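Chemist: The structure follows.
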Amino acid sequence: MENILINLAGLALIGLIVWWFWLSRPQARRMSGAGPIEIIVDNGVYTPARIEVPAGKPVTLRFVRKDPSPCAEKALFDELGISADLPVGKPLDVIVMPPRPGEYEFTCQMRMYRGTLVAR
Ligand SMILES: [Cu+2]
């Protein structure tokens, strides 16, 4: 009986790990109200990395860079023609305006940090 319980616990743990690594997708963060959307820059990821915004309206993204490595120093929005230098530990507001509905990528200069604006 005890062995079965241990096996069940093991299965549950495996299920959780599978869910965590393969099945859970980052939630798109929807813009709430008119305030800036904060994006944490740390450990090689933007958090959130997928952000829903309205198309054709200016949106303020507040980058908070915690990663001091040079890799994190720029935020580039190629399709929007925006290049921002992010100071370490000091929030920087970047105003973007995706012209049409669609997905707009933003990255660091080496394209290791990657995020997506989803304009609707
Ligand atoms: Cu980089």
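The values are calculated or read from the model by the stated rules, or taken from the named source; none is laboratory data. Note that this is a predicted model, so its numbers are computed, not measured. Heads up, the Cβs are rebuilt from the backbone with ideal geometry, glycines too, and the neighbour counts pull from every protein chain shown. We work out accessible area using only protein heavy atoms, side chains counted, and drop any ligands, DNA or RNA first. Shrake-Rupley method; radii C 1.70, N 1.55, O 1.52, S 1.80 Å.
Chemist: When both residues are 6+ apart or on different chains and their Cβ atoms are under 8 Å apart, which pairs have a first residue that lies in the range 74-89 and is free of Cβ contacts under 8 Å to residues at least 60 places away in the same chain, and a second that is part of a strand (DSSP E or B) and acidic (Asp, Glu)?
Modeler: 74/85; 77/105; 78/105; 79/105
Chemist: Inside the range 65-92, can you point out the residues that are over 24 Å from residue 120 (Cα atoms), hydrophobic (A, V, I, L, M, F, W, C) and assigned to a strand (DSSP E or B)? I'd like the intermediate steps shown before the answer.
Modeler: Keep residues of the range 65-92 that are over 24 Å from residue 120 (Cα atoms), which gives 65-74, 85-92.
After this cut, where a residue has to be hydrophobic (A, V, I, L, M, F, W, C) as well, the list is 71-72, 86, 88, 92.
Once the filter is applied, which keeps residues that are over 24 Å from residue 120 (Cα atoms), hydrophobic (A, V, I, L, M, F, W, C) and assigned to a strand (DSSP E or B), the range 65-92 yields 88, 92.
Chemist: Among the residues of the range 42-64, which ones are more than 16 Å from residue 111 (Cα to Cα) and not in a loop (DSSP other than H, G, I, E, B)?
Modeler: Listed by number, the residues that qualify are 51, 52, 53, 59, 60, 61, 62, 63, 64.
Chemist: Let me ask something else. Considering only residues that are in contact (Cβ under 8 Å) with a residue 40 or more places away in the chain and open to solvent by 50 Å² or more (accessible area, probe 1.4 Å), look in the range 31-51 and name the one that is farthest from the ligand (Cβ to nearest atom).
Modeler: Only one residue fits best here, namely 36.
Chemist: Name every residue in the range 93-120 that is open to solvent by 50 Å² or more (accessible area, probe 1.4 Å) and without any contact (Cβ under 8 Å) to a residue 60 or more places away in the chain, in order of residue number. Give the derivation first.
Modeler: The first filter runs over the range 93-120 and keeps only residues open to solvent by 50 Å² or more (accessible area, probe 1.4 Å), leaving 93, 95, 97, 99-101, 103, 105, 109-112, 114, 120.
Correct list: 93, 95, 97, 99, 100, 101, 103, 105, 109, 110, 111.
Chemist: Continuing with this model, one more query. Which of the residues belonging to the range 52-92 are more than 16 Å from the ligand (Cβ to nearest atom), charged (D, E, K, R) and open to solvent by less than 40 Å² (accessible area, probe 1.4 Å)?
Modeler: 52
Chemist: Still on this model: Taking the range 93-115 as the region of interest, how many residues are in a strand (DSSP E or B) and either among the acidic types (Asp, Glu) or within 11 Å of the ligand (Cβ to nearest atom) (or both)? Write out each step before concluding.
Modeler: Of the range 93-115, the ones in a strand (DSSP E or B) are 93-96, 102-107, 114-115.
Subsequent filtering for residues that are either among the acidic types (Asp, Glu) or within 11 Å of the ligand (Cβ to nearest atom) (or both) retains 93, 103, 105, 107, 114.
Of the residues in that region, 5 qualify.
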